[in-house]
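Comments concern the structure below.
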Amino acid sequence: MAVNGIVDSLYASNMIGKSAMSAIGLFSPLNHFLYAASNMLVSGSAGNVVQHGFPLDRKQHSADIRVIHKEDEVILRIRDNCAAFDPSEYHRSMQPDGSGKNVGIQIVYGIAKEVNYQNLLGMNVLTMRI
């Protein structure tokens, strides 16, 4: 998908020179995890918005992605104007053993320290802390 290609390109451009930096101790392994986890969550979540939210009706839709990196934490926010979709409702209804549908939601809740959903003025706002 185009969204994944864009996110992958941003991820790749942010990683240039990082391996050399980590080799001399200027870029910690924790940051490697944060970048990889951020890439996975943004790619999956934004891809789901495009795949499931955009084609539901004939309206024009948009999605806005914000990534904030603060020392040992990353905050991801995905905002879109598609039909309301609260992933926490699906997460609560999942089987205790993790079987069933909604694997992407399981991954989000498995990686993120905190997941918050709000619907503000007709906009879905999903915030994830890693």
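Before moving on, here are some points about what is shown:
- Considered as a group, the residues in the range 55-80 that are outside any strand (DSSP E or B) and modelled with pLDDT under 90 include one that is surrounded by the fewest Cβ atoms within 10 Å (Cβ to Cβ), and that residue is ARG58.
- Top-ranked residue of the range 41-54 - restricted to ones that are polar (S, T, N, Q) and farther than 18 Å from GLN118 by Cα, ranked as surrounded by the most Cβ atoms within 10 Å (Cβ to Cβ): SER43
- Residue selected from the range 103-123 under the condition among the hydrophobic types (A, V, I, L, M, F, W, C) and part of a strand (DSSP E or B), by the criterion surrounded by the most Cβ atoms within 10 Å (Cβ to Cβ): VAL115
- Looking across the range 37-55, the residues that are more than 16 Å from ARG79 (Cβ to Cβ) and without any contact (Cβ under 8 Å) to a residue 40 or more places away in the chain come down to ASN39, PRO55.
- Long-range neighbours under 7 Å by Cβ, at least six apart or interchain, first residue assigned to a loop (DSSP other than H, G, I, E, B) within the range 83-100, second modelled with pLDDT of 75 or more and surrounded by 14 or more Cβ atoms within 10 Å (Cβ to Cβ): ALA83/GLY53; ALA84/ASN124; PHE85/GLY53; PHE85/ASN124; ASP86/TYR117; MET94/GLN106; GLY98/GLN106
The values are calculated or read from the model by the stated rules, or taken from the named source; none is laboratory data. Since we're looking at a predicted model, the values are computed, not measured. Neighbour counts are summed over all protein chains in view; Cβ atoms, including those assigned to glycine, are modelled from backbone coordinates with ideal geometry.
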